[in-house]
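Notes follow the structure.
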Amino acid sequence: MVAGGGICAAQDSPSLALLSQFGMKKLMKTMSPSVKQLARKAAQMTVGKLPPSASRLTGTLALHGGRPVRDIRFRPWAQYHSGNFLPWFTTVGPSFRQIFLSGVEGLPQPLQKEFARQWAEYCGCRHALMLPHGTDALRLGLAALFDHDGLDYGGEVIVPNLSFIASATSALDRRFGVAFVDVDPGTLLLDPKRVEEAILPGKTCALMPVHQFGQPSDMTSLRAIAQRHGLKIIEDAAQAHGAAWESGPVGSLGDAAGFSFQSNKNLTCGEGGILTTNDEKVFERAYSMHNAGRALTGGGRWEHETLGWNCRPTEYQAALLLYRFSLFEGQQETRAKNFTTLRELIKEIGCLEPLTVHAGVRRHGMYMFVMRYHGECCGGLALESFLQAVQTEGAPIHRAYSTTLSNQPAMRKVLTRHPDYIRVLPTPVADKAANEIVYIPADVFLGVAADMAEIVAAIRKVEAHYASAKLS
């Protein structure tokens, strides 16, 4: 047993060397894709089940020719898509076949309405509207909140300067301006203090807290600010499925919220989104906008009461979400256990520091495990070099946002061409974070506790090597 890591070590195995001797790389090149997949599965079920060698934990880095802590060719990390055919034959396939044979692939959207009902109930909301993308949920949500057709300036929305670009483009798409504001140093979520300083009476109309990396923003403080200044709140909950703040579930904490079901999310149908709200008027407007301007009730096929678009999802998306939503809570429980385990194990590591979890968080969404990199604890090693070293050891650690929103080329172009639509406040915390944050994807947390220990072992091996190299 290796101290601190909890990883069982075994005697060196000759398996990988034997595979190399037989020229497996050359053999794999000659195989068809289907045969390659079978060969890879066979290798994982044989070589991958053998006890890993003790020498992989110390000594020469894999980057320099040593053995990796985890050879992901034979021992891949847990994945959301398991490749299990059983659900296809028993549930998903029959559902898709029924949609195909019935011819009801879109309107009147019975499956979409059923999933929306279930998701609204899950989020503690009265209404939900399924859409093709999470960006659609945000842009239609904003437009519906203000009954805004997007043909003139709609006011300014405060957005954190550290987020995915859709947080800004969803507002700009409907001709709302955006003000980029700094984030909290501990959580990297929208900082209420900076929000209050940024509000311009008569211009600022809404706040868009982004529940980043699965953690809810400080909604208690933000709601108090919104009430004082008469502002609307639209939650960007694209990364926070199942998360909850002290006052309730994400999706029910503002005037409207937008979720994403894009392929990397904890709940996915490849591409998809959903709008949630407790305001009936907002729901009715959003429905009309997503259905070519038709009224929710009483309107005819050729009657368009408002300016709208076709943002209707297909029934295939809804069928897939209904199936995967039935598994979601169990998957989140597994992720939560492994999140907790990793947070404990990584305390012994100096070069990586997990983000703070706010005391008001009742439940984390566990979308990403985000950490700050401290190069001084790793011999001054540059971030990209550190990532190359740990990834070669098999650790699934990647670069997070490499720049702030205001520094994206697209935003700089808008600022140049339409300066009235972009306002950039000082964001030193976000600027610094963009140069140091890394993450582990959510799928990895569908594994087991031993996986978490191996991630820490890979980091420890790299940290020890470069720290000792600096001392030498």
Quiz item: Out of (1) at pLDDT below 90; (2) open to solvent by 60 Å² or more (accessible area, probe 1.4 Å); (3) touching a helix residue (DSSP H, G or I) at 6+ places or on another chain (Cβ under 9 Å); (4) not in a helix (DSSP H, G or I), what's the single condition that is false for Pro51?
Solution: (3)
Exercise. Considering each of Ser252, Ser221 in turn, give the residue that is in contact (Cβ under 8 Å) with a residue 40 or more places away in the chain, open to solvent by 10 Å² or more (accessible area, probe 1.4 Å) and either touching an Asp or Glu at 6+ places or on another chain (Cβ under 7 Å) or among the small types (Gly, Ala, Ser) (or both).
Key: Ser252
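Tell me, which residue of region 202-218 that is over 18 Å from the mean Cα position of the chain (by Cα) and not polar (S, T, N, Q) is farthest from Tyr439 (Cα to Cα)?
My answer is Gly202.
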Quiz item: Taking the stated definitions as given, is Lys347 assigned to a helix (DSSP H, G or I) and over 26 Å from Lys432 (Cβ atoms)?
Solution: no
Exercise. Working only within region 287-303, note down all residues that are closer than 13 Å to Ala144 by Cα and touching a His at 6+ places or on another chain (Cβ under 8 Å).
Key: Gly293
Quiz prompt | Matching entry among Leu253, Leu320, Leu307, Leu296 (being of a type outside the set (S, T, N, Q) and part of a helix (DSSP H, G or I)) | solution = Leu320
Quiz item: When you go through Arg363, Arg324, Arg335 one by one, which is the residue that is open to solvent by 50 Å² or more (accessible area, probe 1.4 Å) and not aliphatic (A, V, I, L, M)?
Solution: Arg363
Quiz prompt | Test for Ala453: is it touching a Ser or Thr at 6+ places or on another chain (Cβ under 9 Å), open to solvent by 50 Å² or more (accessible area, probe 1.4 Å) and more than 30 Å from Lys193 (Cα to Cα) | solution = no
Quiz item: Restricting the search to region 170-211, which residues are part of a loop (DSSP other than H, G, I, E, B), open to solvent by 40 Å² or more (accessible area, probe 1.4 Å) and more than 20 Å from Arg372 (Cβ to Cβ)?
Solution: Arg175, Leu200, Pro201, Gly202, Lys203
Quiz prompt | Failed item, numbered, when Glu353 is tested on (1) touching a residue at least 40 places away in the same chain (Cβ under 8 Å); (2) in contact with a His (Cβ under 8 Å, 6 or more places away or on another chain) | solution = (1)
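Return yes or no: is Gly270 open to solvent by 20 Å² or more (accessible area, probe 1.4 Å) and in a loop (DSSP other than H, G, I, E, B)?
yes
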Exercise. Using the structure shown, decide if Glu284 is open to solvent by 40 Å² or more (accessible area, probe 1.4 Å) and either in contact with a strand residue (DSSP E or B) (Cβ under 6 Å, 6 or more places away or on another chain) or closer than 24 Å to Asp152 by Cα (or both).
Key: yes
Exercise. Select, from Phe386, Phe445, the only residue that is at pLDDT 95 or above, surrounded by 15 or more Cβ atoms within 10 Å (Cβ to Cβ) and touching a Cys at 6+ places or on another chain (Cβ under 7 Å).
Key: Phe386
Practice problem: Can you tell me which residue among Asp136, Asp152 is outside any helix (DSSP H, G or I) and either among the charged types (D, E, K, R) or touching a Cys at 6+ places or on another chain (Cβ under 9 Å) (or both)? | Solution: Asp152
Quiz item: Based on what the data block shows, is Ile199 closer than 27 Å to Thr416 by Cα and either within 27 Å of the chain's Cα centre (by Cα) or in contact (Cβ under 8 Å) with a residue 60 or more places away in the chain (or both)?
Solution: no
Quiz prompt | Filter result for Val456 (closer than 30 Å to Gly155 by Cα, of a type in the set (Val, Ile, Thr), in contact with a helix residue (DSSP H, G or I) (Cβ under 7 Å, 6 or more places away or on another chain) and modelled with pLDDT of 95 or more) | solution = no
Exercise. Could you figure out which of (1) open to solvent by 10 Å² or more (accessible area, probe 1.4 Å); (2) among the β-branched types (Val, Ile, Thr); (3) not in a loop (DSSP other than H, G, I, E, B) isn't true of Ile158?
Key: (1)
Practice problem: For region 413-442, enumerate the residues that are surrounded by fewer than 21 Cβ atoms within 10 Å (Cβ to Cβ), assigned to a helix (DSSP H, G or I) and touching a residue at least 24 places away in the same chain (Cβ under 8 Å). | Solution: Val414, Asp420, Tyr421, Pro428, Val429, Asp431
Self-check item: Enumeration of residues in region 413-461 that are within 21 Å of Val183 (Cα to Cα) and among the basic types (Lys, Arg)
Solution: Arg423, Lys432
Exercise. State yes or no: is Ala359 of a type outside the set (D, E, K, R) and either touching a strand residue (DSSP E or B) at 6+ places or on another chain (Cβ under 9 Å) or part of a helix (DSSP H, G or I) (or both)?
Key: no
Self-check item: Selection count, region 89-120, where residues are open to solvent by 80 Å² or more (accessible area, probe 1.4 Å) and modelled with pLDDT of 95 or more
Solution: 6
Quiz item: Quick one: would you say Leu86 is over 28 Å from the mean Cα position of the chain (by Cα), surrounded by fewer than 13 Cβ atoms within 10 Å (Cβ to Cβ) and among the aliphatic types (A, V, I, L, M)?
Solution: no
Quiz item: Does region 382-395 include one or more residues that are assigned to a loop (DSSP other than H, G, I, E, B) and under 15 Å from Phe369 (Cβ atoms)?
Solution: yes
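The values are calculated or read from the model by the stated rules, or taken from the named source; none is laboratory data. Note that this is a predicted model, so its numbers are computed, not measured. Every residue, glycine among them, receives a Cβ derived from its backbone with ideal geometry; neighbour counts consider all protein chains shown. The accessibility values were calculated without ligands, DNA or RNA, using every heavy atom of the protein model including side chains. Shrake-Rupley method; radii C 1.70, N 1.55, O 1.52, S 1.80 Å.
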